[in-house]
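Each reported figure results from applying straightforward, stated rules to the coordinates on display, with no laboratory input. This structure is a prediction, so every number in the text was calculated from the model and none was measured. FYI the Cβ positions are ideal-geometry reconstructions off the backbone, even for glycines, and counts take in every protein chain you see.
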Amino acid sequence: MSGEIEVQSCSRCRSDAIVFQAYSGQHLCGRHLYSSIRKRTSRELRHQLDLPKNATKEDGSHFIVLVAVSGGKDSAVLLSMINEIIGRRRDVELVAGCVDEGIDGYRAPSMEFAKELAESLDVRFETLSYEEMGYGRMDEVVRLMPSMGRNHDDAKGLMPCSFCGVFRRQGLNALAEKVGADVMALGHNLDDMAQSILMNLQKGEIDRSVRLAPHTNSQIEGLVPRIVPLRWVPEQEIHAHALHAGLPIHHGECPHAPGAMRQQSRSVVAMLEELTPGARHGLLHSLDQIRDLHSLANPDLKHDVNNCAECGEITSREVCQSCTMRDWLANASM
């Protein structure tokens, strides 16, 4: 019958495939896609998180893993996978943490999905809002951006993501401190990693690339180390698995994201991958090799960090970018 779409069979069984891995040449059904993602996530967890057989602390408390969640597909798959792999350990406690940026029509519904998943897995759910941290809602920040640009040269031309990225990092740091986290798991997928690497390399920021998570062997003093267990899994595969597994996920896009530099890098990485399947893996392999060479060339290197003169948070400058932006906001609100 004309017009029918031919569904390929899974390369490992006779079931219908739901994804095609151009970089491996394999078609995978839902069951084998899950198995593939689980295997890669488990391998990265073992590599990035060095847990002894008993990780209970001297005071008898658990080793706490803060899983940063947003309600989206990546963090949903991250939380469900980590819960499957180490969630039953009596010496480990998982905490799902969500930062509320204050974006109407976007964050509230996505937080509900994140909370629903955490509760279904019996994982503690914690939140922290920009307002609680003294930044104000992100929608208000965007409204004040033109005024900040007029008042401060450094604020001119900045996109909403420039502000949100800084505030979100501080929010995650504060959440980690709030729950006493020993490590923080982020849901960055292979596409996210490739985009970040490309953005840093095109600006010549090797040091920034080297500081990208995971922080397994290069911990920054005063900062809860980050791990990224999904870093070898492409976004498409995560999305397909989340839908096949029926995970509660929010499909909306942030209304303030268009125009951000990451959107440009997203398009470039997608084009590279289409032209040369495996390009994303190549970028990530390159970063790992750069990190190893950088470590060999600088065996005694310590990350140049200070404590912010205003808030005490870790920063590379006298006053952190978060406090600088908060001052801009305060002036713009007057």
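Hey, what did the stretch 60-297 get for relative contact order, percent, Cα under 8 Å, at least 6 apart? Mind dumping the intermediate values first?
Details: 341 pairs, mean separation 59.8, N = 238.
Computed value for the stretch 60-297: 25 percent relative contact order.
Could you check the simple spin-label distance between E274 and T56, using points 7 Å along Cα→Cβ, in nm with one decimal?
Label-label distance for E274 and T56, simple model: 5.5 nm.
Within the stretch 28-89, report the trypsin sites (Lys or Arg not before Pro) that DSSP leaves as loop and that have at most 13 other Cβ atoms within 10 Å.
K53, K57, R88
Note down the relative contact order for the stretch 72-141 as a percent, whole number, built from C-alpha pairs under 8 angstrom at least six residues apart.
Taking the mean separation of contacting Cα pairs over the length of the stretch 72-141, I get 36 percent.
Let me know the number of lysine pairs in the stretch 60-297 closer than 30 Å at the Cα, not counting same-chain pairs under 8 apart.
Qualifying lysine pairs in the stretch 60-297: 5.
Could you pull out which residues in the stretch 95-112 have an amide N less than 14 Å from a spot 7 Å beyond the Cα of E140, following the Cα-Cβ vector?
It comes to 101-104, nothing else.
Would you pull out the residues with amide H under 5 Å of S129's amide H, same chain only if 5 or more places away, H placed 1.01 Å from N?
For S129, the qualifying residues are D100.
Roughly what % antiparallel, to the nearest 5, for the DSSP beta bridges in the chain?
25
Could you work out, for the chain, what percent of all Cα-Cα pairs fall into each 10 Å distance bin, beginning at 0 Å and stopping at the bin that holds the largest distance?
Reading upward from the zero bin: 5, 22, 33, 27, 10, 2, 0, 0.
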